[in-house]
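All remarks here apply to the structure that follows.
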2 protein chains.
Amino acid sequence: MPEPLLRVPLDRTSPVPLYFQVAQQLEHAIEAGALPPGTRLDNEIQLADDYGLSRPTMRRAIQYLVERGLLVRRRGVGTQVVHAKVKRQVELSSLYDDLTAAGQRPTTQVLVNTVVPADGTVGTALGLPAGTAVVFLERLRLAGGEPLARMRNYLPTELVELPTAALEERGLYQLLRAAGIHLRVATQVVGARAATATEARLLGEARGAPLLTMSRTAYDDSGRVVEFGTHIYRASRYSFEHTLVGR
Amino acid sequence: MPEPLLRVPLDRTSPVPLYFQVAQQLEHAIEAGALPPGTRLDNEIQLADDYGLSRPTMRRAIQYLVERGLLVRRRGVGTQVVHAKVKRQVELSSLYDDLTAAGQRPTTQVLVNTVVPADGTVGTALGLPAGTAVVFLERLRLAGGEPLARMRNYLPTELVELPTAALEERGLYQLLRAAGIHLRVATQVVGARAATATEARLLGEARGAPLLTMSRTAYDDSGRVVEFGTHIYRASRYSFEHTLVGR
DNA sequence: GTCAATACTTTGTAATGACATATTGACGTA
DNA sequence: TACGTCAATATGTCATTACAAAGTATTGAC
């Protein structure tokens, strides 16, 4: 199958790496339907030649798309398009970011912003002895005027200043980033349970209504625990969606 | 910080790639605590030299661990250990595999194994016109003798033979793999809702009890839809756990 | 005509060399 | 002392080359 892709020439003066330029061009071609699922790409030597690149650079571009689930490669066979559109890799993002990306314009009510002694669960999650003072946030997140989630976060006190006004304007992760804290890894658990009376009232659901629960521990560049959160979402208005890539 | 790691020499005759051997050694050292979070590794040139490898190979080993969230690199600074233990990357696995890996010994009851016409939802998910005949499976998964999930799967008829006896012995994904079908990409949505009376009875929960829901569309090597499933899990006994890696 | 050995294609792994760029810290000067 | 500059250090990008291994197709023998 020939590839008469009209290609934008690469910009070697750009700070954007060549492999990334190529990967993006391919990704656009796939998303635009120019390379429908099942298409076999030329072999990497040929492609490298077409683009005027070396084979490692071309491989790197292809590898990037393989890892994102757009392409599949098999030795002796070739490279094929698997999937036209990837929702977005599971990534370390916040609810605020997700909603903003979806054009939802989220708002936040800060219910609690104080310092409390850590209980056992919070202590172990943050790697601090129980009883240590930690920042405790409780926030209500709304989208389109409707309550969506109640979020509870615990952070080490010395980490960053979090004024309530700022938290009503921006997401927690945005504020952390602005403070030069780079989140790198997180472990999270997603489950479900029934709403208590208080939770139901807050979220505008019936008592006993099913809620999605998510608890997350997020780590820094340097391995420090930055944040531990336990959140509840209205199951009627929210779900977690992502793309998995195998092998 | 020096690195007097006692290293197993690399096996150049092994079919296991050198970069992977190195990555595993580092991973073990990190998990064993020999390289606690925050440790700065030697620079990659030094490391390559220590192992007797070229820089690209050493880079590849490090890169692998960076992508899994164990290490962090910053240009001009160096490579640091972030996190000692990674739960397990979010991967394209089946409930059966997950339970087996956790040592739970799952069992399966096949409730329905038949061919039905696809309704609208199933049709669009599988990319077939509504009304097309598709294989319909309904299975009850138990762990430790207790019901855990009810799973409904829809598959194209021509894909593979799925005898009920085989489905009681093995997981669906195992059977697909055995038939030479390589799952590559999947998109899934995790939510929650209340159990209907029938569902509650089947799973041994009270009516209205919160359930975790997961629907997944899984794709082949070549981009074909292999399977569409809508599953419900007892929230009291199951949750989704994974590690996210940022940036 | 069938089956097995072989050749070819394509990706996978690895080494070597070169230059670019971000970061830190030290040094020197105002 | 404060600030800017520069050097040292580390990772990031890219090219070139060679060989290994897997999968497919072809060819040849029986």
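Helix-derived [θ] at 222 nm for chain B: sum -39500 (n - 2.57) over DSSP H runs of at least 4, divide by residue count, nearest 500?
About -7500 deg cm²/dmol.
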Relative contact order for segment B:129-247, counting Cα pairs under 8 Å that sit 6 or more residues apart, in percent
25
Please report, to two decimal places, log10 I(q)/I(0) for segment B:157-214 at q = 0.12, 0.22, 0.28 Å⁻¹ as given by the Debye formula with identical point scatterers on the Cα atoms and no solvent.
-0.50, -0.88, -0.99
Principal axes first, then extents: for the Cα atoms of chain B, list largest minus smallest coordinate on each axis, whole Å, largest first.
63, 39, 32
Using a 7 Å Cα-to-Cβ projection, B:ALA166 label spacings across copies, nm, ascending:
5.9
Spread of Cα-to-Cα distances over 10 Å intervals beginning at zero, given as percent, for the protein assembly as shown:
4, 16, 24, 27, 20, 8, 1
Just B:ARG40, B:ARG207, B:ARG75 to compare: in a GNM of chain B, with alpha carbon springs under 10 Å, which one fluctuates most?
B:ARG75
Using the Cα centre of segment A:13-149 as origin and beta-carbon charges of +1 (Lys, Arg) and -1 (Asp, Glu), tell me which of A:GLY120, A:ILE30, A:LEU142 is placed farthest towards the positive end of the dipole.
A:ILE30
Ratio Rg/Rh [Cα only; Rh per Kirkwood] for segment B:181-247:
1.10
For segment B:203-231 and segment A:32-67, distance of Cα centres in Å:
33
Whole-Å semi-axes of segment A:1-80's equivalent ellipsoid (Cα gyration tensor):
19, 14, 13
Which distances in nm, rounded to one decimal and ordered from shortest, link the label point of B:GLY38 to the equivalent label points in the other identical copies, with labels set 7 Å from Cα toward Cβ?
5.7
Output row for A:ARG177: copy-to-copy label distances, label 7 Å along Cα→C-beta, ascending, in nanometres, one decimal, is 3.7
Using C-alpha positions alone, give me the convex hull volume of segment A:81-204 per residue in cubic angstrom.
160
Could you pull the Rg and Dmax for segment B:132-247, using just the Cα atoms, both in Å?
15.4, 46
Taking K and R as +1 and D and E as -1, what net charge do the other residues with C-beta under 9 Å from the C-beta of B:ARG207 add up to?
-1
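No lab work stands behind these numbers, since they all come straight from the coordinates. Just so you know, these numbers come straight off a predicted model, no measurement behind them. Methodologically, a virtual Cβ is constructed for each residue, glycine included, from the backbone with ideal geometry; neighbour enumeration extends over all protein chains shown.
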